[in-house]
Every structure is written in C-alpha cells, then in structure tokens.
Amino acid sequence: MCSDIDGTLLNAKRDIAPETAAAINKLPQDFPIILASSRMPSAMYYLQEKIGRLGSPIISYNGGLVLDGKGNKLYSQTVSLDFLETVIQHQQDYDYNISTYCTDTWRTAKSDYWTLREIRSTRVEPVYTPLNEHIAVLKAIDEQPHKIMCMGSPRALDSLIALLREKHGNEAHFYRSKDVYVEITPKNIDKSSALATLIDKNYGLELSDVIAFGDNFNDTTMIKNVGLGVAVANAAQEVKDVADYVSEYTNKEHAVAKAIEKFLI
C-alpha cells in the first residue's frame, strides 16, 4: 500500500485520525505501507510512527528522494545551484519566502508567516540561513536542493515561473497546490517511477501489486499506474479520471481507513 499524505491520509487537523490508525493496525505488521509525499523525510517519520511503520522506506519530494528503511538513498535527483541563484536574484525585487530542502534539511532565511505555517504543518524546524549565504553554504557541503519552495503573493510567483522557464527551460517541474505556493523539483521525477524503483529493490514487487491513495495532480501517475488506484472524494478531477475507484469519502471523513476496510481487510 502506498499513500499520499496531505489531503489524503491526514484528517482536518492534518494528523492521523484514530480511525485510520485502527484500520492500518488490522493489517499484518509485515504488510508494506509506503508514504509518498512532497514533504521532507523528517516531516514523515512521526506519521510513520503513528501508523506503526517507523523504519519503512519513504518517498520524499514527490519522488525526488527515495530512502530505504535504514535511511540510505535508493534514488536522488536535485535542482542545480545555478537554478537556485536565479530564484534568489528574482526574490530581491519581490517579497516572498524561499525555502530549500536538501536531503533532510530545510533552510530558509528568517522566521516569518510562511515559515511558522510550515513549522506547524510539518513539525520540523528550519536551519536559518541568510539568502546571500545560501549558495555558499550548499557548495561547502556539496549539496543541491531536492526541492525549492517559494511562498508569497500570486503575482510574485507568476513572475518567478515565467523567468525560470525563460532562463532555464525544462530543467525543473513547477507544482502549485495553491496560488501562494510553488514547489520546484527536478523535471523527470514522479511518485509512480519512484514507487516502482522502491518496491522492485525492496520487495521484488511491481506496480500492479500496489493499492495507492491520492488527491492531487502530483498523485496522478501513481494512481493511474498501480494495480488499484483510489482517489479520495476531495481529489482533483484529473486524479478521479484515472482512478480505479473513487471514494465517496474525503480525507476528513477517513477515506483511506474505509478503503482499507473495503479492499484489504
């Protein structure tokens, strides 16, 4: 089983509902459950713990980073520092938050509205790094971002995307869950290919052996390609269109728990 997190597995409080934990606990302990998200690894471990699967492999950054149960990298794709430099230069003319995520470290310049919001959502604290030092810090540790997230006004982010496409072409993928967020990840990644790599190496399984749950555009290929793709009721229409089953329940109504009861138990 593979599940997206936000908007799918979590409830209205952005947490694991008791109903969901109870349904998962009915499954055998050796039944593989993989979390796949745009989140960083540290923002997923506490959720693994709540469903009794701490130490399981994870798919982070929408497939940009795949870790096995011991935290070893099975797959890793990043965005270049030249690309990040373009983002930082653009930000000087606007006022928006730039956050980078490298392996399992979140860096941002200061504590602002957006930073505090992310801390509440993910339960992870950032490493505060001034923007004018950001590139040098990453060069010193030989790291590049698995994800760049920019949070601010829609006008600023529209301008940023236009500039990046003009200057860097198809180097990266831009995902906007809301008009005030843009998540930037390497171009040729998705949850489906990451999941296929992971389950082949770890379990000797194929996508046809998987039931997967999702709600948003970054879940589309995964829902389409697995053996049983389930869209929650609050899913985007694009996800519902490729799903094998569309739940009548939303994430706030424990859609994943009810589907586990229906299909697995």
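The values are calculated or read from the model by the stated rules, or taken from the named source; none is laboratory data. Since this is a predicted model, take the numbers as computed values, not measurements. Don't worry about glycine lacking a Cβ; one is built from the backbone with ideal geometry, like all the others, and counts go over all protein chains shown. Please note that ligands, DNA and RNA were not included when accessible areas were found on the heavy atoms of the full protein model with its side chains. Shrake-Rupley method; radii C 1.70, N 1.55, O 1.52, S 1.80 Å.
Values as computed for the structure displayed
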{"read-out": "Under 18 Å from the ARG120 label point (7 Å along Cα→beta-carbon), backbone N, segment 146-167", "value": "151-153"}
{"read-out": "Where only alpha carbons of segment 1-85 are counted, the Rg and the Dmax (Å)", "value": "14.0, 49"}
{"read-out": "In sequence order, calculated HN-Hα J values of segment 84-95 (Karplus, 6.51, -1.76, 1.60; Hz; x Gly/Pro)", "value": "4, 4, 4, 4, 5, 5, 5, 5, 4, 9, 9, 10"}
{"read-out": "Helix 191-203 vs. the chain, principal-axis angle (Cα, 0 to 90°, nearest 10)", "value": "60"}
{"read-out": "Hydrodynamic radius by Kirkwood, which averages 1/r over all alpha carbon pairs of segment 81-186, in angstrom", "value": "13.9"}
{"read-out": "Cross-link partners of LYS110 among lysines (Cα-Cα below 20 Å; sequence separation of 8 or more within a chain)", "value": "LYS147"}
{"read-out": "In sequence order, calculated HN-Hα J values of segment 60-73 (Karplus, 6.51, -1.76, 1.60; Hz; x Gly/Pro)", "value": "10, 6, 6, x, x, 9, 10, 10, 7, x, 9, x, 7, 6"}
{"read-out": "Kirkwood Rh and Cα Rg combined as Rg/Rh, the chain", "value": "0.97"}
{"read-out": "Neighbour net charge for ILE135 - beta-carbon separation under 12 angstrom, K R +1, D E -1", "value": "-2"}
{"read-out": "Accessible area (Å², 1.4 Å probe, nearest 10) - GLU125", "value": "130"}
{"read-out": "For the chain: accessible area per residue (Å², 1.4 Å)", "value": "44"}
{"read-out": "Translational D in µm²/s for segment 160-265 (Stokes-Einstein at 10 °C, 1.306 mPa s, Kirkwood Rh from C-alpha pairs)", "value": "105"}
{"read-out": "Protection proxy ranking of 218-229, 185-196 - average other beta-carbon atoms within 10 Å, highest first", "value": "218-229, 185-196"}
